[in-house]
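The structure under discussion appears below in the form of structure tokens.
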Amino acid sequence: MELIDTHCHLNDEQFADDLPQVVQRAVSAGVTGLINIGYDLDSSREAIEQAGLYPGLKAAVGIHPHDAVTATEAALEELAQLAAAESVVAIGEIGLDYYYDNSPREVQRLAFRKQLELAKKLCLPVVIHSRDAAQDTLEILKEFAPLRGIMHCFSGSFETAQICIDMGLYIAFGGAITFKNANRLRGVAAKVPLERIVLETDCPYLSPEPYRGRRNEPAYLVYTLAKLAELKGISEAEAAEITTANAKAVFGL
Ligand code: NI
């Protein structure tokens with residue numbers, strides 16, 4: 001079995017002490033592909049550096065909506081330079097977060113558009129973060145459609161998922177589909193066609209059951225895979241094969 005964790009933050013300081021072991025456990029669990037996602041310039045640089053440590057480790061570079069205020073012209077220029085590194089397979093994570101509103105919404109929208117432009121220019125896929133901002137996210141994405149990329153940590157409605165799929169995007173589900181109180185999300189995951197689903201951990205956050213509340217890591221992707229297979233009524237091997245093929249298609253692996 002071969003799995004790809006399409007969204008991990010091994011660049012997070014929570015992995016500073018045991019990164020080699022974390023990667024080893026991932027590989028042992030079958031998670032041989034890891035997309036290490038940047039959220040600002042420093043973490044994007046770190047993702048590129050770490051990509052040299054293991055062949056299955058790739059990087060995405062981007063400025064998260066939380067940090068949209070830092071997405072100055074100079075920062076975006078530096079991001080474009082980072083994106084030229086060989087290990088970079090996507091621009092992300094980028095998007096809108098109206099739940100925390102850490103950056104003003106107008107600034108978030110501008111940074112989102114600028115980075116979508118960059119992705120288009122470089123022919124790279126995008127990894128999109130959208131929280132409590134579905135309407136504005138869809139409006140901006142429509143300006144750039146068709147798009148290659150992923151709706152990360154999807155928590156929206158099936159209708160929103162369908163609009164994203166129609167624009168060319170894939171829908172990522174993570175540990176949240178294993179949570180006891182996540183019946184609505186499981187209903188959405190059951191309806192989205194498997195041909196458009198990818199798996200992710202978003203580690204160190206959002207550990208699946210039975211590790212909820214503890215540090216997440218890529219090896220735990222197997223619990224999310226098991227839940228997805230159950231929702232679809234298929235074997236884990238089949239769910240792995242299709243979601244891995246999807247991830248490869250998105251990132252050009
Ligand atoms: Ni993330």
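Descriptive notes on the structure:
- Of every Cα-Cα pair in segment 1-96, the percent that sits beyond 19 Å: 37
- Taking segment 77-163 and dividing mean pair separation by its residue count, relative contact order in percent (alpha carbons under 8 Å, at least six apart): 30
- Span-like helix ranges in the chain, DSSP H, alpha carbon extent 30 angstrom or more, Kyte mean at least 0.0: none
- Each Lys and Arg adds +1 at its Cβ and each Asp and Glu adds -1 at its Cβ; summed about the Cα centre, the chain shows a dipole of about 740 debye.
- Taking the empirical scaling 2.2 N^0.38 Å for compact globular proteins as reference, segment 41-131 has a Cα radius of gyration ratio of 1.03.
- Charges were assigned to the Cβ only: +1 to each Lys and Arg, -1 to each Asp and Glu. The resulting dipole of segment 1-112 about its Cα centre is roughly 340 debye.
- Kirkwood Rh, Cα atoms: Rg over Rh of segment 123-253: 0.95
- Think of segment 68-110 as having a plus end and a minus end, set by charges on the Cβ of Lys, Arg, Asp and Glu; of A85, S103, A75, S103 sits farthest toward the positive end of this dipole.
- Structural descriptor for the chain: relative contact order 19 percent, calculated from alpha carbon pairs under 8 angstrom and at least 6 residues apart.
- Estimated translational D of the chain in µm²/s (Stokes, Kirkwood radius over Cα pairs; 10 °C; 1.306 mPa s): 90
- Shape box of segment 75-171 [Cα atoms, principal axes, largest first, Å]: 36, 29, 22
- Ellipticity estimate at 222 nm from DSSP helix runs (n ≥ 4, -39,500 (n - 2.57)) divided over the chain, nearest 500: -13000 deg cm²/dmol
- Accessible surface calculations at 1.4 Å, restricted to protein heavy atoms, place the chain at 42 Å² per residue.
- Apportionment of accessible area to carbon and sulfur, the chain, percent (1.4 Å): 51
- Dipole of the chain [Lys/Arg +1, Asp/Glu -1 at C-beta], most positive-end residue of A59, T32, A145: A145
- At q = 0.14 Å⁻¹, base-10 log of I(q)/I(0) for segment 118-173 (Debye sum, equal scatterers on each alpha carbon): -0.31
- Take E73: with every protein chain present and a 1.4 Å probe, its accessible area is about 120 Å².
- Sequence-distant lysines (8 or more away, or on other chains) whose Cα lies within less than 26 Å of K121: K58, K142, K248
The values are calculated or read from the model by the stated rules, or taken from the named source; none is laboratory data. What you are looking at is a predicted structure, and each value in this text was computed from that prediction instead of being measured. Cβ atoms come from the backbone with ideal geometry, glycine included; neighbour counts cover every protein chain shown. Side chains are part of the model used for accessible areas, which takes the heavy atoms of the whole protein and leaves out ligands, DNA and RNA. Shrake-Rupley method; radii C 1.70, N 1.55, O 1.52, S 1.80 Å.
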